[in-house]
Amino acid sequence: MSLRDLLLGRIATTGPLTVADYMADCLLHPTLGYYTTRDPLGAKGDFVTAPEISQMFGEMLGLCLAQSWMDQGRPDPFALVELGPGRGTLMADMLRVGRAVPGFVEAARIHLVEASPALRAVQGRTLTGHSPTWHQTVDDLPDLPTFLVANEFLDALPIRQYVRDGAAWRERLVTVQDGALTFALAPPMPVPELAHHDVPDGTMVERCPALPGVVQSIAGRIEQGGVALIIDYGHWRSQGDTLQALRDHTPEDPLTTPGGADLTAHVDFEAVARASGPAQASAMTRQGVFLERLGITARAQALARGLTGDALAAHVAAHRRLTHPAEMGDLFKVIALAPPGAPLPPGVDAMGDLT
Ligand code: SAH
């Protein structure tokens, strides 16, 4: 049975789905979900992420975490954690560059939070020799000082969408019309979680119900020691419909191919900062600025010396893609968490600075 047939049957029996229920099944249904069944990353996949564009991304993040590890007195052992590690490329690049910092790799225990069996297998191959431990959720992570990265993880967490209607909100639902999946709006209801959204009638806003729990769980660990670098595309306070489906590098209607396309939504960084609780949150910092401050251009120049022709052109394009405001540099943002009173990781603005 296809996921579409399964969802049509479910809607016929139990009624329309929230966008979050739809997104959760599309991405992570145990046998028919997008991530559970495939490796979607890279030029031959459906989308490309920063670590797959260039090794420089993982190198900058690895050095950033290693600096924070030194700032916090080189805890040994510590958990080197990645949420949603994709192919394991980012972790492999961080470990390679981490060898430049004496004791860092030796003290690191690798812990990966990954829901997809297909991607766990790929990560195991990429990280041969590093003996990672996999977990289903952040709550299962060990009780150790935690140095964590999450790149394009929060954008895969299911969102609910609401349209303002006077003092109330109409939730966007997935239903069936003439045998096809279609969007509809529920009757107006109060939604206390959206009270801070002062937007005109008819405006859509999104809420990611799982996000606060994930961030609080990380923040609780970081309060005891460590740092987190959360990187994703999004803005401060979500507004508008950002649900997006990508298949074969091309956007499509999110209802066209359930389970066959990547579904993501922009991350609301205000919601991340609000949930960071006991930890200290940095300001939301643009990825391009962050990578420049960490020295990506010097690294790009050093790598360029060994390259000519097409390889050199591809390398220059990769640097531009990661940092330029018209490419990923402005849309992607970084927010860091650190223990109260500890130095923030290099590269991010302190809360209260311009973002
Ligand atoms: N960070 C990687 C991959 C991003 S794709 C990169 O930058 O290349 C999103 C990743 O998160 C995939 O590995 C996917 O399987 C995983 N993922 C998505 N939702 C998840 C969830 N709810 N729990 C755990 N892993 C999840």
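General remarks:
- Listed here are the helices (runs of 4 or more DSSP H) enclosed by region 269-310 that have at least 1 residues being among the β-branched types (Val, Ile, Thr) and either under 16 Å from Leu229 (Cα atoms) or at pLDDT below 95 (or both): 269-274, 287-294.
- Only one of the listed residues (Val105, Val81) is among the β-branched types (Val, Ile, Thr), touching a Phe, Trp or Tyr at 6+ places or on another chain (Cβ under 8 Å) and not in a loop (DSSP other than H, G, I, E, B). That residue is Val81.
- Screening Leu185 with (1) within 11 Å of the ligand (Cβ to nearest atom); (2) more than 18 Å from Leu83 (Cα to Cα) gives one miss only, at (1).
- Among residues of region 80-126, those that are β-branched (Val, Ile, Thr), more than 15 Å from the ligand (Cβ to nearest atom) and surrounded by 21 or more Cβ atoms within 10 Å (Cβ to Cβ), counted: 1
- Pairs, first in a helix (DSSP H, G or I) in region 126-138, second near the ligand (Cβ under 9 Å from one of its atoms) and of a type in the set (S, T, N, Q), C-beta under 9 Å, six or more apart: Thr126/Thr89
- Enumeration of residues in region 7-62 that are free of Cβ contacts under 8 Å to residues at least 24 places away in the same chain and surrounded by 17 or more Cβ atoms within 10 Å (Cβ to Cβ): Gly45
- Scan region 311-333 for residues that are part of a helix (DSSP H, G or I) and of a type in the set (Phe, Trp, Tyr) and the total you get is 0.
- Lone unmet requirement of (1) in a loop (DSSP other than H, G, I, E, B); (2) in contact with a helix residue (DSSP H, G or I) (Cβ under 9 Å, 6 or more places away or on another chain) for Gly202: (2)
- Just one of the listed residues (Leu148, Leu181, Leu144, Leu173) is surrounded by 14 or more Cβ atoms within 10 Å (Cβ to Cβ), in contact (Cβ under 8 Å) with a residue 24 or more places away in the chain and not in a strand (DSSP E or B), namely Leu144.
- Scanning region 235-273 for residues that are of a type in the set (S, T, N, Q) and away from the ligand (no atom under 15 Å from the Cβ) yields Ser238, Gln239, Thr242, Thr250, Thr256, Thr257.
- Those helices (runs of 4 or more DSSP H) lying entirely in region 1-64 with at least 2 residues out of contact with any helix residue (DSSP H, G or I) (no Cβ under 9 Å at 6 or more places or on another chain) and not assigned by TED's automatic domain parsing to the domain that holds Leu80: 3-14, 19-28
- Residue ID - modelled with the highest pLDDT, chosen from residues in region 220-242 that are surrounded by 22 or more Cβ atoms within 10 Å (Cβ to Cβ) and either part of a loop (DSSP other than H, G, I, E, B) or out of contact with any helix residue (DSSP H, G or I) (no Cβ under 9 Å at 6 or more places or on another chain) (or both): Ile222
- Restricting region 145-176 to residues that are more than 16 Å from the ligand (Cβ to nearest atom) and out of contact with any strand residue (DSSP E or B) (no Cβ under 8 Å at 6 or more places or on another chain), the residue that is farthest from Arg109 (Cα to Cα) is Gly166.
The values are calculated or read from the model by the stated rules, or taken from the named source; none is laboratory data. Remember, predicted model here, so these are calculated numbers, not experimental data. No Cβ is skipped: glycine too gets one built from the backbone with ideal geometry, and neighbour counts run over all protein chains shown.
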